[in-house]
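The next block holds one structure in the form of structure tokens; read it before the comments.
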Amino acid sequence: MVIKLKIKMKIGSKIFVTYMLLLVITFLVAFGSFRFLSYKYLIAETREQLLKGGKLISELYKTAPLVDTGIRSQIYNKRRIEVANRIIDAHIIIMNRDKKIIYSTVKIDNYNEILDLSNKLNNHREYVSVRTPIYEKNHNIKGYVVLFAKVREIKRLNNLMFITQLFSFIIAAVIALIIGYLLKNSLTRPLKLLTEKTKYFSLKKFDSDLEINTGDEIEELATSFNQMARRLKYYDERQKRFLQNISHELKTPLMAIQGNAEAIKDGIVQGIEVDNSLEIIIAESQRLKKLVDEIIYLTKIENVNDTFNFNERNLNEIILTAVRSVKNLADQKAITIEIKSNLDIIGNYDKEKLIRAFINILGNGIRYAKSLILIESSIVDDKIEIKIIDDGNGFKDGEEKKIFERFYKGENGGTGIGLAISKAIIEAHKGSIEAYNNTPNGAIFKITLPIYPNKSNNPKV
């Protein structure tokens, strides 16, 4: 049976606890390592000093005989040992080559007792001991110097260093605790603001920007968050306008259909008026169908990328096909469509959709032109620039900025969807479209398309 313990903590608490755990673990490892290594260092340093002391005493006895001749010898040895003790603080034992003790600062009689003492001290780790040979001039060993140093002083020094380090840790821990708390607040405050802002989003409140100036990834997140808020606000407003416009656009033909159908049913219209009412019903039904089809088409090309079928196409043929499609409509209104320049551009285009885009733009021009629509083409900065110019009255103030919005209709406008469809198709080709007034009159639609919209094939001019 496995028991899973799940503790719920806020992200700020998690950061703070993790920070403190890492801090404690780091200090514990540092403490243990420092205490162990410092003790080893002090032992090694003491042993080094004893070896130096042993060499010093060995030099003092290099020319002196290692014999016990009574009081004079003891006085002689004591003076030499006192000289050595001024340099080192240790117990000293002098032996000849027969391991007979010549002089000792501790009460000991023979070599076996030295071995027992050495083993005992080393086992209890109370002393550090070294043995240094004493050489004659001919480099033969004539005796030994054995030195013992107390470990107690080493431990005391090591403990003093540990206590100093412990106090340093306590001070550092308090400082780290304060820094950790401030760090936690600095990290969680912007996250709390993001959480609160998200709650406002659920209520569709996108007005105020989130101001976070941390200079890090959280600020970048806040910037992206604000951009998302502005886009959501734009889409929300666009959706509201869409619903308002679509309800109005659908309501008008439906009311006409309903009114005429009820008039026929109730016998209000009779004879030839019935035929007129039926024609109105058919016309409004066709208008309604066209409107619904265009809405579905626009939604599809704006949201589904794979609806486009890019292939190597001749752009001039696409424009000519669009012109032929609207020729009858232009002839009915006595409007001439003239293609002033004829560039043979081959690139990757969706032929059917691009034809539809040009038909919508030309149809809009025919609706407002007086007698002429002019099509000009040129290459500007490695892009093909197409201008469709009419000789109508042009745009009213600010109208050219709205004509590509869904359901925006100028005077004598159609469904208000056609130019929005054209814009979506051209932008899907990595192009752009804009409209502005011509001088002295008329309107200009400028379409810019890359000669090379799809990198799979090379353009041909």
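No lab work stands behind these numbers, since they all come straight from the coordinates. No experiment lies behind these values; they were computed from the predicted model shown. Because the Cβ atoms are built from the backbone with ideal geometry, glycine has one as well, and the counts that use them run over all protein chains shown.
For GLN270 and ASN213, compute 0.36 nm times the residue count separating them, minus their Cα-Cα distance, and round to one decimal in nm.
13.0 nm
Just going by the charge dipole of region 263-406, with Lys and Arg at +1 and Asp and Glu at -1 on Cβ, which of ALA283, SER341, ASN360 is farthest out on the positive end?
Of the options given, the answer is ALA283.
Tell me, in nm to one decimal, what length is gained between VAL17 and SER224 on full extension, where the rule is 0.36 nm per residue of separation less the Cα-Cα distance?
Answer, rounded to one decimal: 71.6 nm.
Under 5 Å between amide hydrogens, which residues at least 5 positions from ASP350 or on another chain qualify, with H placed 1.01 Å from N in the peptide plane?
When sequence neighbours closer than 5 places are left aside, the close amide H contacts are ASN311.
Which ³J(HN,Hα) values, rounded to whole Hz and listed in residue order, are derived for region 272-285 from phi using the Karplus coefficients 6.51, -1.76 and 1.60 in 6.51 cos²θ - 1.76 cosθ + 1.60 with θ = phi - 60°, glycine and proline given as x?
5, 5, 5, 4, 5, 5, 5, 5, 5, 4, 5, 5, 5, 5
Cβ under 14 Å from ILE388's Cβ, ILE388 left aside: what net charge do those residues give with Lys, Arg +1 and Asp, Glu -1?
Combined, the nearby Lys, Arg, Asp and Glu give -2.
Which aspartates and glutamates, if any, have their Cα less than 15 Å from the Cα of LYS150, not counting same-chain residues under 8 positions apart?
In chain and number order, the partners are GLU45, GLU48, ASP89, GLU126.
In whole Å, how far is the Cα centre of region 17-45 from that of region 274-337?
Here the two parts' Cα centres lie 81 Å apart.
For the pair ARG131 and THR105, what calculated FRET efficiency results from E = 1/(1 + (r/R0)^6), where r is the Cβ-Cβ distance and R0 = 25 Å, to the nearest 0.05?
That pair, THR105 with ARG131, gives E of 0.95.
What distance in nm separates the simple spin-label points at SER168 and GLN258, each placed 7 Å from Cα in the Cβ direction?
8.7 nm
Compute the FRET efficiency between ASN309 and LEU191 as 1/(1 + (r/R0)^6), taking r as their Cβ-Cβ distance and R0 = 60 Å, and round to the nearest 0.05.
0.85
Students often check this: by mean Cβ neighbours within 10 Å, which of 54-63, 357-366, 330-339, 27-36 ranks highest, and how do the rest follow?
Ranking, from highest mean packing down: 357-366, 54-63, 330-339, 27-36.
Need one number: nm distance between label points at VAL29 and GLU45, each 7 Å from Cα along Cα→Cβ, rounded to one decimal.
Using points 7 Å along Cα→Cβ, the separation is 2.6 nm.
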